[in-house]
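Colleague: Have a look at this one before I ask anything.
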Amino acid sequence: PVLVVDFGAQYAQLIARRVREAQVYSEVVPHTATRDEILAKNPSAIVLSGGPASAYSPDAPGMDPELAKSGVPIFGICYGFQVLAQALGGTVEATGNREYGRTEVHIPADGGILHRELPERHQVWMSHGDSVTKPPAGAKVTATSEGAPVAAYENVDDRIAGVQYHPEVLHSPHGQEVLRRFLHDIAGIKPQWTTASIVEEQIARIREQIGEDGRAICGLSGGVDSAVAAALVQRAIGDRLTCVFVDHGLLRTGERAQVERDFVAATGVNLVTVDARERFLGALAGVTDPEQKRKIIGREFIRVFEQAERDLKAQGDYRFLVQGTLYPDVVESGGGTGAANIKSHHNVGGLPEDLQFELVEPLRLLFKDEVRRVGLELGLPETIVHRQPFPGPGLGIRIIGEVTADRLETLRAADAIAREELTAAGLDRDIWQCPVVLLADVRSVGVQGDGRTYGHPVVLRPVSSEDAMTADWTRLPYDVLERISTRITNEVPEVNRVVLDVTSKPPGTIEWE
Ligand code: XMP
């Protein structure tokens with residue numbers, strides 16, 4: 001693999017994704033990894049990320065000069081560019097020339113390989129206070145900027161190169177090209193990480209893990225990750241995989257049918273749907289506190305899943321459990337290997353650790369965009385592959401007040417209209433998601449036809465986000481809002497008011513509960 005050494009900025013994962021976009025497999029390693037640990041992974045190249053430290057301060061995380069001279073191709077970015085220079089006899093100083101944001105670089109006539117044929121002056125994204133003032137011994141300077149006398153260097157013979165700017169961000173329009181040239185033309189790595197090769201490799205791994213006659217079960221949530229994980233395992237072991245889908249009655253219109261029909265049609269998977277609607281409604285009766293609702297839903301979910309698991313075990317030895325864990329979860333939990341413990345935030349409803357399974361995690365090397373491409377490659381429909389996030393507790397946490405069957409019907413009807421109109425307006429890919437929330441304990445006066453109504457408001461909560469950690473409210477076009485509002489108030493008798501949530505996150509969360 002190409003190893004991306006994380007020097008503590010938020011860019012390492014993005015760099016790893018960009019390397020993969022150049023069709024080269026990459027992994028993120030912490031800067032605390034030792035030379036031996038790094039070399040043991042047999043890297044085809046090393047990319048050093050940016051970071052917040054000053055390269056010359058005594059406690060700054062550095063670059064082992066022995067590693068720098070080990071013959072492995074190395075590319076330094078920003079801080080990584082500076083520590084690499086330092087490790088190879090260059091100099092880094094605080095020149096007083098800081099550059100933040102859009103900056104122009106100048107490419108000399110002999111621009112080397114990285115910037116060959118790129119415009120003589122072009123825009124890049126800089127973020128540095130210190131600068132390299134002398135490149136590594138034997139390297140030539142292949143870009144300059146006003147604040148950085150050495151904005152790029154390369155030593156093609158030793159396969160060492162780097163840039164002061166951030167090639168991984170979109171504000172450096174030629175950045176991906178530069179990264180690609182390092183990987184393909186300087187490091188000489190063949191671009192082989194394609195969706196087809198990912199599928200092939202993962203299927204081989206799954207077969208190896210599960211063996212000739214092992215059986216696996218997979219909890220389907222209706223979301224992208226569990227669907228793609230299940231589809232991969234199904235490709236690998238066929239009907240020795242059984243999927244379990246728990247209908248807790250808190251789903252949106254069409255969701256169960258989508259799993260039962262579209263997913264099964266695309267994969268031919270064995271599917272067991274457990275109808276647990278009564279059970280969940282019973283458990284939620286009289287409950288209004290959000291955290292209590294979440295706990296009850298999680299608890300009931302586990303009970304139903306365990307029962308399904310016992311039923312299946314009576315039919316055969318289901319020793320493996322498929323989970324849709326993604327690479328960012330793996331990196332964030334320290335990159336540990338082996339059977340990871342089950343983390344509550346990415347598994348279906350939070351399955352307990354004492355379920356006696358060996359985990360199969362076919363997505364644990366993949367980023368979300370790769371997961372979607374794998375899904376498409378496996379023939380899953382767009383409706384599944386590009387599905388927006390939907391919380392495990394479902395509509396249970398979108399009814400403010402007690403959850404009842406009638407209220408669920410009301411919310412489902414309003415939600416279906418909002419989704420239909422957003423899809424019709426072509427906005428599905430522009431928004432992260434748009435929860436519709438029923439204020440079931442609030443009543444509002446209205447007038448409809450000749451009469452007074454005393455109904456409930458629903459809230460539209462359209463948000464834009466990259467990762468759900470922060471979000472902004474989406475400025476939906478007024479005509480779309482108008483259609484949603486008119487249709488909901490006309491078609492859903494219990495609702496006589498539609499309001500728009502214009503709160504970002506923070507301070508609001510995306511969901512209301
Ligand atoms: P919040 O409300 O915390 O939501 O801003 C962030 C994102 O997470 C989703 N969400 C959940 N997803 N189980 C899930 O699988 C949950 O319990 C849960 N709660 C919130 C929410 O829809 C949003 O995308």
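Each value in this text was obtained by applying a stated rule to the coordinates, not by laboratory testing. Given the structure is predicted, the values throughout are model-derived calculations rather than measurements. In this analysis, Cβ positions are derived from the backbone assuming ideal geometry, glycine residues included, and neighbour counts consider all displayed protein chains.
Colleague: If r is the Cβ-Cβ distance from Asp36 to Asp311 and R0 is 45 Å, what FRET efficiency results, to the nearest 0.05?
Modeller: Computed FRET efficiency for Asp36 and Asp311: 0.35.
Colleague: Estimate the FRET efficiency between Asn97 and Glu482 by the formula 1/(1 + (r/R0)^6), using the beta-carbon distance for r and 41 Å for R0, to the nearest 0.05.
Modeller: 0.20
Colleague: Please report, in whole Å, how far the alpha carbons of region 44-199 spread along each principal axis, starting with the longest.
Modeller: So the extents along the principal axes, rounded to whole Å, are 48, 35, 29.
Colleague: Right, something else. What pairs in Lys69/Lys134; Lys69/Lys140; Lys190/Lys368 have C-alpha atoms more than 21 Å from each other?
Modeller: Going by Cα-Cα distance, Lys190/Lys368 fall outside the 21 Å limit.
Colleague: Turning to a different aspect of this structure: Which value, in debye to the nearest 20, describes the size of the charge dipole of the chain about its Cα centre when Lys and Arg Cβ atoms bear +1, Asp and Glu Cβ atoms bear -1, and nothing else is charged?
Modeller: Dipole magnitude for the chain comes out near 280 debye.
Colleague: If you don't mind, there's one more thing I want to ask. What does the extension gain come out to for Arg279 and Glu420, with contour length at 0.36 nm per residue minus their alpha carbon separation?
Modeller: Between Arg279 and Glu420, full extension yields 47.8 nm more.
Colleague: Taking the Cα centre of region 2-186 as origin, sum charge times position over the Cβ atoms of Lys and Arg (+1) and Asp and Glu (-1), and report the length of that vector in debye to the nearest 20.
Modeller: 240
Colleague: May I ask you to give the average projected area over all directions of the convex hull of the Cα atoms of region 1-136, in nm² rounded to one decimal?
Modeller: 8.5
Colleague: Related question: Could you compute how fast region 398-500 diffuses translationally, taking Rh as the Kirkwood radius over C-alpha pairs and applying Stokes-Einstein at 10 °C with viscosity 1.306 mPa s? Give it in µm² per second.
Modeller: Estimated via Stokes-Einstein, D reaches 112 µm²/s.
Colleague: Over region 398-500, what relative contact order in percent results from Cα pairs under 8 Å that are six or more residues apart?
Modeller: Reported relative contact order: 30 percent.
Colleague: Give the separation of the Cα centroids, region 150-225 to region 373-433, in Å.
Modeller: First find each Cα centre; the distance between them is then 31 Å.
Colleague: I would also like to ask the following. Residue separation times 0.36 nm, minus the C-alpha to C-alpha distance between His184 and Ala265: what's the value?
Modeller: Gain in length upon complete extension: 25.2 nm.
Colleague: If you take the Cα atoms of region 195-385, find Rg, then find the Kirkwood Rh from the mean of 1/r over all pairs, what is Rg/Rh?
Modeller: Expressed as Rg/Rh, it is 0.95.
Colleague: Could you give P(r) for region 207-298, binned at 10 Å from zero, as whole percent values over all Cα-Cα pairs?
Modeller: Pair shares across the bins are 15, 41, 27, 14, 3.
Colleague: Taking θ = phi - 60°, what integer Hz values does the Karplus form 6.51 cos²θ - 1.76 cosθ + 1.60 yield along region 202-211, in sequence order, with x for Gly and Pro?
Modeller: 5, 5, 4, 5, 4, 4, 5, 5, 7, x
Colleague: On to the next question. What would the Debye equation give as log₁₀ I(q)/I(0) for region 70-119 at q = 0.16, 0.29, 0.32 Å⁻¹, counting only Cα atoms as equal point scatterers?
Modeller: Per q value, in the given order, log10 I(q)/I(0) is -0.69, -1.15, -1.14.
Colleague: Roughly what would the spin-label model give for Thr509 and Ala196, points 7 Å off Cα along C-beta, in nm?
Modeller: 4.5
Colleague: Give the angle, between 0 and 90 degrees and rounded to the nearest 10, that separates the Cα long axis of helix 405-424 from the longest principal axis of the Cα atoms of the chain.
Modeller: Roughly 50 degrees between the two axes.
Colleague: I need to check one value: relative contact order of the chain, counting alpha carbon pairs closer than 8 Å and at least 6 residues apart, in percent.
Modeller: Contact order relative to length: 10 percent.
Colleague: Arranged from highest to lowest average of other beta-carbon atoms within 10 Å per residue, in what order do the peptides 446-456, 185-195, 34-44 appear?
Modeller: 185-195, 34-44, 446-456
Colleague: Then there's this: Can you give me the angle between helix 12-21 and the longest principal axis of the chain, using Cα atoms only, in degrees from 0 to 90, rounded to the nearest 10?
Modeller: It works out to around 90 degrees.
Colleague: Helix 290-315 versus the longest principal axis of the chain: what angle, 0 to 90°, nearest 10, using Cα atoms?
Modeller: 90
Colleague: Another question about this same structure. Would you kindly derive the ³J(HN,Hα) couplings of region 52-63 from the backbone phi angles with the Karplus curve 6.51 cos²θ - 1.76 cosθ + 1.60 (θ = phi - 60°), listing them in order in whole Hz, with x for Gly and Pro?
Modeller: x, 7, 9, 4, 9, 6, x, 9, 6, x, x, 10
Colleague: Once you wrap a convex hull around the alpha carbon atoms of the chain, what is its projected area averaged over all directions, in nm²?
Modeller: Hull-based average projected area comes out at 27.0 nm².
Colleague: If amide H atoms are built 1.01 Å from N in the plane of the peptide, which residues on other chains or at least 5 residues away come under 5 Å of the amide H of Val287?
Modeller: For Val287, whose amide H was placed from the backbone, the distant partners under 5 Å are Val403.
Colleague: Next up: Could you work out [θ]222 nm for the chain from helices alone, using -39500 (n - 2.57) per DSSP H run of at least four and dividing by all its residues? Round to the nearest 500 deg cm²/dmol.
Modeller: -9000 deg cm²/dmol
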